[in-house]
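The values are calculated or read from the model by the stated rules, or taken from the named source; none is laboratory data. Note that the coordinates shown come from a computational prediction; the quantities given were computed from them, not determined experimentally. Counting neighbours? That spans all protein chains shown, and the Cβs are built from the backbone with ideal geometry, glycine included. With ligands, DNA and RNA removed, areas are computed over all heavy atoms of the protein, side chains included. Shrake-Rupley method; radii C 1.70, N 1.55, O 1.52, S 1.80 Å.
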Amino acid sequence: MPDNVVNASGYIRFIKCKIQPILSDSEILAICAKIESGRLKPSIKTHREHVRHVTTIVEEKQRPADVNSCPKCGKPMMLKTARRGPNQGKQFWGCSGFPRCKMFSQKL
Ligand SMILES: [Zn+2]
């Protein structure tokens, strides 16, 4: 977790470690209004959805690099060999969703 993500009262320690003012009063008001307007209803349902969302992000980050999936459509990327063009014979990662998805990247 980043050090600005804390549980329970951990935020007090985080706030107190900031000595220099970072935002002006008007910036604070604008940010508070933005948070209020975009905030989801505090409920068990919202909490569950948040936990599920964060769990998904953590799983994405922990997934080993050799089962890389397409950043565009999520299908697995496959090692392919260029059959024609200036890179003929060279290997590259292409989306297994080809030709519907044309995502590819250079082999690293
Ligand atoms: Zn794809």
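For the stretch 89-108: of the residues being open to solvent by 90 Å² or more (accessible area, probe 1.4 Å) and part of a loop (DSSP other than H, G, I, E, B), which is farthest from the ligand (Cβ to nearest atom)? This residue is K90. Per the conditions (1) in a helix (DSSP H, G or I); (2) open to solvent by 80 Å² or more (accessible area, probe 1.4 Å), the sole criterion not satisfied by V54 is (2). Of all the numbered requirements in (1) surrounded by 10 or more Cβ atoms within 10 Å (Cβ to Cβ); (2) outside any helix (DSSP H, G or I); (3) acidic (D, E), E27 misses one, and that requirement is (2).
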